[in-house]
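Notes to accompany the following structure.
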Amino acid sequence: MKNALFFSFFFFHVMHAQKLSLDVSYKYMYAKQWDRSIQLYNFSRPWLIEKQPLLMHGVNAGFSYDVSSKKEFNRGLSVDFSFFRSVAENKNMANAINLYISNVGYFARKDFSILHSNCYTEIRLALTVSGLFRRVNQEPILVDDTQTRAFGIGSDIQVKFGYDLPCLAGIKGSLFLAVSYAPYVYSPYSESVLNQTMGITNHYGTGIVGAQIGFRKVFS
């Protein structure tokens, strides 16, 4: 019953939102502790011909909708999903690491004009959750018949700048740049996924710096 009421409330606000947006972007990520775990994995296995790439390049998709607006100042809720993948193929072993990150947060946006085009700046505070998974030769790694995986939780702040190009005005689209920072994502078992060790490189979590460039489509 509680779940039904929650989704009814969510659906009501989406349908009555003044503006619903879809973002699609490329995302660059720097996570120091996760990088150190992967670098140690490569260093401790000199026989590997193809080294394990860092988790740096990914894709992101997100939704946001306004719940209030006052003189071009908008506030609302947003959710986004990022995916990063690191694959190294060596003799008799294809090692793949998949990272999923989701942010659920609250944003404030200010609309303004530059050179007769609409622009906006946006700041968002969000809850961050993550999941790290490793697969070898298409199969998950099992320890005591349990899949090795690592989940994380933290917080994130993002600043975004968007610009409506004249050629995109007809489809209500804009290009945007964004930077984000998660001071600390608590993920105590990430080292066991990335390097199959515990307590050597990863101090139970990591900070994450992100940068994005992408496209926003507005539905109103």
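The values are calculated or read from the model by the stated rules, or taken from the named source; none is laboratory data. Quantities reported herein were computed from a predicted structural model and do not represent experimental measurements. Positions of Cβ are backbone-derived with ideal geometry, glycine not excepted, and every protein chain shown enters the neighbour counts. These accessible areas exclude ligands, DNA and RNA; they are computed on the full protein's heavy atoms, side chains included. Shrake-Rupley method; radii C 1.70, N 1.55, O 1.52, S 1.80 Å.
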> Considering only protein heavy atoms, what is the solvent-accessible area of Lys27 at a probe of 1.4 Å, reported in Å² to the nearest 10?
Replying inline: 20 Å²
> Within the chain, how many lysine pairs that are 8 or more places apart, or on different chains, have C-alpha atoms less than 15 Å apart?
Replying inline: 12
>> Can you show me the helix-derived [θ] at 222 nm for the chain, built from DSSP H runs with n ≥ 4 at -39,500 (n - 2.57) apiece and divided by the number of residues, rounded to the nearest 500.
In response: -4000 deg cm²/dmol
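What does the convex hull of the Cα atoms come to per residue for the chain, in Å³?
Expressed per residue, the convex hull around the Cα atoms of the chain is 157 Å³.
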> How high is the FRET efficiency from Val59 to Lys91, r the C-beta distance, R0 25 Å, rounded to 0.05?
Replying inline: 0.25
>> For the chain, set up a GNM with springs between Cα atoms under 10 Å and report which of Asp80, Asp111, Asp156 has the largest fluctuation.
In response: Asp111
> Largest first, how would Ser44, Ser68 line up by accessible area (1.4 Å probe)?
Replying inline: Ser44, Ser68
>> Can you give me the angle between helix 2-15 and the longest principal axis of the chain, using Cα atoms only, in degrees from 0 to 90, rounded to the nearest 10?
In response: 50 degrees
> Picking from Ile123, Phe112, Asn90, whose Cα lies most toward the positive end of the charge dipole for region 77-123 (charges on Cβ: Lys, Arg +1; Asp, Glu -1)?
Replying inline: Asn90
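Quick one: putting +1 on the C-beta of Lys and Arg, -1 on the C-beta of Asp and Glu, what dipole do you get for region 34-105 around its Cα centre, in Debye to the nearest 20?
Computed charge dipole of region 34-105: roughly 120 debye.
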> Local charge sum around Leu77 (other residues, Cβ-Cβ under 14 Å, Lys/Arg +1, Asp/Glu -1)?
Replying inline: 0
>> What do you get for the angle between helix 32-43 and the principal long axis of the chain? Use alpha-carbon atoms, 0 to 90 degrees, nearest ten.
In response: 30 degrees
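Let's see if you can work this out: charge +1 on each Lys and Arg Cβ, -1 on each Asp and Glu Cβ, no other charges. What is the dipole magnitude of the chain about its Cα centre, in debye to the nearest 20? Please list the in-between numbers first.
Details: 22 positive and 15 negative charges, 79 e Å.
Dipole of the chain, to the nearest 20 debye: 380 debye.
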> Given the protein chains as shown and a 1.4 Å probe, how many square angstrom of Thr197 are accessible, to the nearest 10?
Replying inline: 40 Å²
> Using unit Cβ charges (K, R positive; D, E negative) and no other charged atoms, how large, in debye to the nearest 20, is the dipole of region 95-220 about its Cα centre?
Replying inline: 480 debye
> Put +1 on the Cβ of every Lys and Arg and -1 on every Asp and Glu Cβ in the chain; which of Ala61, Tyr41, Gly76 then has its Cα farthest towards the positive end of the dipole?
Replying inline: Gly76
